[in-house]
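Some notes on the structure that comes next.
The values are calculated or read from the model by the stated rules, or taken from the named source; none is laboratory data. Just so we're clear, the structure is a prediction, and the values are computed from it rather than from any experiment. Positions of Cβ are generated from backbone atoms using ideal geometry, with glycine treated the same way; all protein chains shown enter the neighbour counts. Note: areas computed on protein heavy atoms with side chains; ligands, DNA, RNA excluded. Shrake-Rupley method; radii C 1.70, N 1.55, O 1.52, S 1.80 Å.
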Amino acid sequence: MSGFTVVKALNRALHETMAADPGVLVLGEDVGALGGVFRVTEGLSEAFGDQRVIDTPLAESGIIGTAIGLALRGFRPVAEIQFDGFVFPGFDQIVNQLARYRSRTHGRQGLPVVIRIPFGGGIGAAEHHSESPEAHFMHTPGLHVLSCACPQDAHWLLRQAIACPDPVILFEPKARYYTKGEVDESGPDLPMCSARIVRPGRDATLLTYGPMVRTCLDAAQAAAGEGRDVEVVDLRSLAPLDMATIRACAERTRRVIVVHEARLTLGPGAEIAARLDEEMWGVLDAPVLRVATWDTHYPPARTERAYLPDAERVLDALDRSFTY
């Protein structure tokens, strides 16, 4: 399938899984008649009816709690959180109920719940509509935390997430929702929790995910004009991290920069930097550097360009890495 946007790829994945398995349900605010704020669920209500595409009240805790109950009854619910900042009313249900259930049942009972969360900035939205809360969920045992950056991964990561016997949070970069690309209908080309090398290189590695993949590719292209061959790796899975791929890339290029929209302090880059420091001391030619947003709340839309990492900030980090 060519010319698919991320939105269309997600919609196709939902349609295919719902057609194949009557136990797959979709629930969330405005997912039915409206088709979702970003139209990811468009057409599903007409195809499968309002018993399987469920418009919920504006109550995220209720959405997650209902999804947990449905999973206990044998269904595979896919819950949509309308915007990233709205997930926090459901945070208690996610970290204290959903994530703990397999542990509480001594491994006997999993909860196959998928929570889709549009995340990140760059769309000029209001407060609570441009957050990057992924580190909160990376810190929680019992959750798979994924992020897609292209139509291929949007389609297959969602399908793999729905098939997973345990809860999965899929972060979808809203600023890249209308990025076009191909989707291979023959099946996923990577396991669910694997990183993808999207641009090979030998001089330095940029580790990133979600909306920053495109930014890092732009920075790598600019660096090539300066004679630097920069690798870009899409992590795709934040919990668990694909440390085998990360270590292999770090060993090959010996310089690593982690780029994300989440805030700098205790963001995903901090965990990756700590692990590489522990496991590869003496291998790297420079410290692991991080490019992230500032340790402040997300700003008003008119100033978000100064807040979000861009190619210039990534190139600056590359310059600093090569000074060591």
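Quick rundown of the values:
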{"read-out": "Calculated SAXS-style log₁₀ I(q)/I(0) at q = 0.15 Å⁻¹ - the chain, Debye, Cα scatterers", "value": "-1.22"}
{"read-out": "Once the Cα gyration tensor of the range 1-68 is diagonalised, semi-axes √(5λ) in Å", "value": "21, 14, 11"}
{"read-out": "Carbon and sulfur %, accessible surface of the range 107-172 computed with the full protein complex present, 1.4 Å", "value": "54 percent"}
{"read-out": "Fully extended contour minus Cα-Cα distance, from VAL283 to PHE322, at 0.36 nm per residue", "value": "12.5 nm"}
{"read-out": "Cα gyration tensor category, rounded, prolate or oblate, for the range 209-251 with a/c compared to 1.5", "value": "oblate"}
{"read-out": "Equivalent ellipsoid semi-axes - Cα gyration tensor, the range 86-237, angstrom", "value": "30, 18, 15"}
{"read-out": "Rounded to 10°, Cα long-axis angle of helix 212-224 versus longest principal axis of the chain", "value": "20 degrees"}
{"read-out": "Within the chain, percent of DSSP bridges classed antiparallel, to nearest 5", "value": "20 percent"}
{"read-out": "Surface share of carbon and sulfur [accessible, 1.4 angstrom probe, percent] for the range 188-269", "value": "51 percent"}
{"read-out": "Computed label-point distance, nm, for sites ALA222 and ALA59 using a 7 Å Cα→Cβ extension", "value": "4.8 nm"}
{"read-out": "Relative contact order computed over the chain (Cα-Cα under 8 Å; 6+ residues apart), in percent", "value": "16 percent"}
{"read-out": "Three-way shape label, the range 174-280, alpha-carbon gyration tensor, a/c 1.5", "value": "rounded"}
{"read-out": "Selected from ALA222, GLY187, PRO200, residue furthest toward positive end of dipole (the range 150-228; charges at beta carbon)", "value": "ALA222"}
{"read-out": "Shape call, the range 148-218: gyration tensor on alpha carbons, a/c limit 1.5", "value": "prolate"}
{"read-out": "Share, in percent, of DSSP beta bridges within the range 179-289 that are antiparallel, nearest 5", "value": "30 percent"}
{"read-out": "Cα-based radius of gyration of the range 89-173 once divided by 2.2 N^0.38 Å, which approximates compact folds", "value": "1.15"}
{"read-out": "Accessible area in square angstrom per residue, the chain, 1.4 angstrom probe", "value": "42 Å²"}
{"read-out": "Solvent-free Debye scattering, log10 I(q)/I(0), computed from the Cα coordinates of the range 1-157 at q = 0.16, 0.18, 0.21 Å⁻¹", "value": "-0.93, -1.19, -1.58"}
{"read-out": "For the range 219-278 and the range 3-70, distance of Cα centres in Å", "value": "33 Å"}
